[in-house]
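**Q** The structure is given below, and queries will be raised subsequently.
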Amino acid sequence: MKLTEENYVKTAENVIKKFIQEIEQKKSRIGLVTTSKIRNLLAMTAEIYNDVINSTDERLSQEVIGRINYLKVEAGREPSVKNFVVGAELLDCLDDIKGSRKQFLLFSRYMEALVAYRKFYGQKDE
């Protein structure tokens, strides 16, 4: 999936709706990722975002690229988080950044949209 300025919000909404539909239809044994766990991913993204937004370079530094790669590792440590990462195609989105500041900023907005729709459509956390 390639994120664009035109599709990232609708994509995030569709991802969350699909998760909820699968859970309601009992197609998924793993529940929807909790708000706090998805917020942890967003927090990691926000830390990188703060460095990226303060830079004027269009290419990301090697240090930032390393932190993005570490985000990939952290993303799948728990079954519900892994399920979320796979369903939201976060690893593909991270791969699509390819050192581009613009693509990282777009990914960051996608993460924010996922959190917002998780909170809007999701059931209460257990």
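**Q** For segment 25-113, what ratio Rg/Rh do Cα atoms give with a Kirkwood hydrodynamic radius?
**A** Result for segment 25-113 is an Rg/Rh of 1.00.
**Q** Continuing with the same structure: Could you tell me the accessible area of Lys17 in Å² (1.4 Å probe, neighbours in place), rounded to the nearest ten?
**A** Surface open to solvent at Lys17 totals about 90 Å².
**Q** Which residues' amide hydrogens lie under 5 Å from the amide hydrogen of Ser100, considering only partners 5 or more residues apart or on another chain, with H built in the peptide plane?
**A** Result for Ser100 returns Leu60.
**Q** Now for a different question. If you put +1 on each Lys and Arg Cβ and -1 on each Asp and Glu Cβ, how big is the dipole of segment 1-123 around its Cα centre, in Debye rounded to 20?
**A** Computed about the Cα centre, the dipole is about 500 debye.
**Q** Multiplying the sequence separation of Ala116 and Asp92 by 0.36 nm and subtracting their Cα-Cα distance, what value in nm do you get?
**A** Extra length from Ala116 to Asp92 when fully extended: 6.6 nm.
**Q** Helix 62-74 versus the longest principal axis of the chain: what is the Cα-based angle in degrees, 0 to 90, to the nearest 10?
**A** 10 degrees
**Q** Taking only C-alpha pairs under 8 Å that are 6+ residues apart, what is the relative contact order of the chain in percent?
**A** Worked out over the chain, it gives 45 percent.
**Q** Which net charge results when you count Lys and Arg as +1 and Asp and Glu as -1 among the other residues whose beta-carbon is under 11 Å from that of Val81?
**A** Charge balance in the 11 Å sphere: +1.
**Q** Roll a 1.4 angstrom probe over the protein heavy atoms and tell me the percent of accessible area of the chain that is carbon or sulfur.
**A** 50 percent
**Q** Something else about it: Nearest 10 degrees is fine. How inclined is helix 8-24 to the longest principal axis of the chain, computing both from alpha carbons?
**A** Taking the Cα atoms of the chain, the angle to 8-24 is about 30 degrees.
**Q** Per residue of the chain, what 222 nm ellipticity follows from adding -39500 (n - 2.57) for every DSSP H run with n ≥ 4, rounded to the nearest 500?
**A** -22500 deg cm²/dmol
**Q** Further question: How much accessible area per residue does the chain have, counting only protein heavy atoms and a probe of 1.4 Å, in square angstrom?
**A** 59 Å²
The values are calculated or read from the model by the stated rules, or taken from the named source; none is laboratory data. Note that the coordinates shown come from a computational prediction; the quantities given were computed from them, not determined experimentally. Reconstructed Cβ throughout: ideal geometry from the backbone, glycine too, with neighbour counts over all protein chains shown. Accessible surface areas use protein heavy atoms only, side chains included; no ligands, DNA or RNA. Shrake-Rupley method; radii C 1.70, N 1.55, O 1.52, S 1.80 Å.
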